[in-house]
Amino acid sequence: MKGYIEIDSELCKECMLCIEVCTKGLIKKSAKLNLKGFYHVMFEDKEKQCTGCTLCAIICPEAAIEVYRG
Ligand code: SF4
Ligand code: SF4
């Protein structure tokens, strides 16, 4: 199954849990600060490896990640 995610960078608080949980390594720390002063994460999936497993969204304490499948 293929999927993709969208991250609300303004909700992100830089906890990095989503980076640890993504077995495909598709979430990375960005060099950009959000308005609250956190380095938010970003989704990078050049080879379309995201399975839509939802682990990243489930573990995010800020509900900053939406997962889409298809
Ligand atoms: S849905 Fe799964 S594969 Fe896709 S970015 Fe999140 S943890 Fe990684
Ligand atoms: S789990 Fe949520 S709050 Fe933590 S780094 Fe990922 S997107 Fe940001």
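Out of the residues in the range 1-26 meeting the condition of being among the β-branched types (Val, Ile, Thr) and in a helix (DSSP H, G or I), tell me which one is nearest to the chain's Cα centre (by Cα).
Of the range 1-26, the ones among the β-branched types (Val, Ile, Thr) are 5, 7, 19, 21, 23.
Okay, now just the ones that are also in a helix (DSSP H, G or I), so 19, 21.
Values: 19: 7, 21: 10 Å.
Restricting to residues being among the β-branched types (Val, Ile, Thr) and in a helix (DSSP H, G or I), the top hit is 19.
Conditions (1) over 12 Å from residue 11 (Cα atoms); (2) of a type outside the set (Ser, Thr, Tyr); (3) not in a loop (DSSP other than H, G, I, E, B), marked per residue:
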{"residue": "28", "(1), (2), (3)": "yes, yes, yes"}
{"residue": "32", "(1), (2), (3)": "yes, yes, yes"}
{"residue": "42", "(1), (2), (3)": "yes, yes, yes"}
{"residue": "47", "(1), (2), (3)": "yes, yes, no"}
{"residue": "50", "(1), (2), (3)": "yes, yes, no"}
{"residue": "57", "(1), (2), (3)": "yes, yes, yes"}
{"residue": "62", "(1), (2), (3)": "no, yes, no"}
{"residue": "68", "(1), (2), (3)": "yes, no, yes"}
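Cβ contacts < 9 Å: first residue touching a residue at least 60 places away in the same chain (Cβ under 8 Å), restricted to the range 45-70; second residue more than 7 Å from ligand 2 (Cβ to nearest atom) and of a type in the set (Lys, Arg), any location; separation 6+ or different chain. Result?
Taking only residues 6 or more apart or on different chains, the pairs are 69/2; 70/2.
Of the residues 50, 60, which is buried (at least 17 other Cβ atoms within 10 Å of the Cβ) and more than 12 Å from ligand 2 (Cβ to nearest atom)?
Working: 60 fails: more than 12 Å from ligand 2 (Cβ to nearest atom).
Within the list 50, 60, the selection yields 50.
Working only within the range 5-41, note down all residues that are of a type in the set (A, V, I, L, M) and either more than 11 Å from ligand 1 (Cβ to nearest atom) or in contact with a Gly (Cβ under 9 Å, 6 or more places away or on another chain) (or both).
So in the range 5-41, the residues of a type in the set (A, V, I, L, M) come out as 5, 7, 11, 16-17, 19, 21, 26-27, 31, 33, 35, 41.
Passing the criteria: 5, 11, 16, 19, 31, 33, 35.
Among the listed residues 26, 35, which satisfies the condition of being in contact with an Asp or Glu (Cβ under 8 Å, 6 or more places away or on another chain), loosely packed, with under 13 Cβ neighbours inside 10 Å and touching a residue at least 12 places away in the same chain (Cβ under 8 Å)?
Details: 26 fails: loosely packed, with under 13 Cβ neighbours inside 10 Å.
One residue alone meets the criteria, 35.
Test residue 44 against the stated conditions and say whether it is of a type in the set (D, E, K, R) and more than 10 Å from ligand 1 (Cβ to nearest atom). Lay out the reasoning, then the answer.
Details: of a type in the set (D, E, K, R): yes; more than 10 Å from ligand 1 (Cβ to nearest atom): no.
In short, no.
Coordinate-derived values only; no laboratory data. A quick note: this is a predicted structure, and the numbers were derived from the prediction, not measured. With ideal geometry, Cβ positions are generated from the backbone for all residues, glycine too; neighbour counts draw on all protein chains shown.
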